[in-house]
Amino acid sequence: MTRSTKMRTPLKNVRRLGSAKEGADHFWTQRMTGVANLVLAVFLVWLLASLGGAGHAQVKSALASPLVSVPLLLLILSAMVHMRLGMQTIIEDYVSSEGPKLVCLMLNTFFTILVGVASVFAVLRLTFGA
C-alpha cells in the first residue's frame, strides 16, 4: 500500500476520486477579478459622478470614446467571471445533492451569460449609437 493510498478515506479509495487540479486556478482567478473589479469600479464611480446631470447628447458622446467604453466592457467581463466563480463556490459548498447541484451550476452559467451579453449589448449600443 502506497503512502498516498493510506491518506485516503475508504470511500475515496473506492471511488478513486482525487483532486480536480483546478482549485488554485479558481482561487487566483477569483482574486484577480476581485482586484480588477475594484479598479474598474472606481473608474465607473468617477464616470457616473462626472456625467451626473449631463444631457443625453453629452453622455452619448462620452460613451462613444474607447477610453470610456473599453473599461466598461472590461468591468462587465471581470464582474461576470467573478460572479460566476463566487456563485459556483457557494453552490458547491451548500447544495449537497448531485442533481440539484448540477442544475444550479448550469443555471448559474446561463444566468451569467445572459447578464453579460445584455450588459455588453447595452454598452455597445450606447457606444455606437442607437
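The values are calculated or read from the model by the stated rules, or taken from the named source; none is laboratory data. Note that the coordinates shown come from a computational prediction; the quantities given were computed from them, not determined experimentally. Note: ideal-geometry Cβ built from the backbone for every residue, glycine included; neighbour counts use all protein chains shown.
Taking the conditions exactly as written (modelled with pLDDT of 95 or more and closer than 26 Å to GLY23 by Cβ), does GLY116 satisfy them or not? Give the derivation first.
Working: modelled with pLDDT of 95 or more: yes; closer than 26 Å to GLY23 by Cβ: yes.
Considered against the rule, which asks whether it is modelled with pLDDT of 95 or more and closer than 26 Å to GLY23 by Cβ, GLY116 comes out as yes.
Condition first: of a type outside the set (A, V, I, L, M, F, W, C) and out of contact with any helix residue (DSSP H, G or I) (no Cβ under 7 Å at 6 or more places or on another chain). Now tell me which residues in the range 22-38 satisfy that. Walk me through how you get there before you give the answer.
Here is the first cut: in the range 22-38, the residues of a type outside the set (A, V, I, L, M, F, W, C) are 22-23, 25-26, 29-31, 33-34, 37.
Hits for the range 22-38 are GLU22, GLY23, ASP25, ARG31.
Restricting LEU74, LEU85 to those that are within 27 Å of LEU126 (Cα to Cα) and at pLDDT 90 or above reduces the list to LEU74. Among the residues of the range 17-46, which ones are modelled with pLDDT under 95 and either closer than 28 Å to VAL59 by Cβ or part of a loop (DSSP other than H, G, I, E, B) (or both)? Scanning the range 17-46 gives LEU17, GLY18, SER19, ALA20, LYS21, GLU22.
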